[in-house]
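Comments concern the structure below.
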Amino acid sequence: MIYADFLKNSVGNLKGIRLADHAGFSEMGTDIVCAAVSSSFFLVANTITDVMHLEPLALRAEPGELIINMKDEDCRACEVLFKGLYIHLKDLHEQYPQNLNVNITEVQ
């Protein structure tokens, strides 16, 4: 199961996401749930870095873990992207509840 933890700062702005593990819907390389989740993550990450030219506090893309975490001063600029990603992943969770879990976690 993929665990999608959206990060929310103390004033309630979404500031990032951490995706961990694998969906387990099918074999690696053919898993449509994993492909949908990772593709949507990279759309948001690339928009933030290559279109908006913002520098995240953390940006990591490794097998089994994808992370983007923004500076508090950049949260408001990125919030629409994170809210859109949240809605997208919640919709995927409804279709594949055994393969994707979506949460919001408050961080400092």
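The values are calculated or read from the model by the stated rules, or taken from the named source; none is laboratory data. Bear in mind that the values here come from a model prediction, so they are computed numbers and not experimental data. FYI the Cβ positions are ideal-geometry reconstructions off the backbone, even for glycines, and counts take in every protein chain you see. Only protein heavy atoms, including side chains, enter the accessible area calculation; ligands, DNA and RNA are left aside. Shrake-Rupley method; radii C 1.70, N 1.55, O 1.52, S 1.80 Å.
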Exercise. Can you pull the accessible area of F25 for me, 1.4 Å probe, Å² to the nearest 10?
Worked result: 100 Å²
Problem set entry | Helix-only [θ]222 nm of the chain, DSSP H runs n ≥ 4, -39500 (n - 2.57) each, per residue, nearest 500 | -11500 deg cm²/dmol
Seminar exercise, completed: Residues other than I67 with Cβ under 12 Å of its Cβ, Lys/Arg counted +1 and Asp/Glu -1, net out at 0
Exercise. Principal axis lengths of the chain from Cα atoms, whole Å, largest first?
Worked result: 40, 25, 19
Exercise. What is the distance in Å between the Cα centres of region 38-71 and region 1-37?
Worked result: 12 Å
Seminar exercise, completed: One finds, for E94 and T30 with R0 = 22 angstrom and r their Cβ-Cβ distance, a FRET efficiency to the nearest 0.05 of 0.50
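Quote the relative contact order of region 26-74 in percent (integer), defining contacts as alpha-carbon pairs under 8 Å separated by 6+ residues. Show your work: numbers first, answer last.
On the way: 30 pairs, mean separation 11.7, N = 49.
Value for region 26-74: 24 percent.
Restrict the search to region 11-108; then list the GluC sites (Glu not before Pro) that DSSP places in a loop and that have at most 11 other Cβ atoms within 10 Å of their Cβ.
Details: sites: E27, E65, E73, E79, E94, E106; in loops: E27.
Those that pass, being in a loop and sparsely packed, are E27.
Tell me the relative contact order for the chain as a rounded percent, counting alpha carbon contacts under 8 Å between residues six or more apart.
Working: 176 pairs, mean separation 44.4, N = 108.
The normalised contact order for the chain reaches 41 percent.
Report the local net charge at Q98: Lys and Arg +1, Asp and Glu -1, summed over other residues whose C-beta lies under 14 Å from its C-beta.
Details: positive: none; negative: D21, D31, E94.
Result for the local shell: -3.
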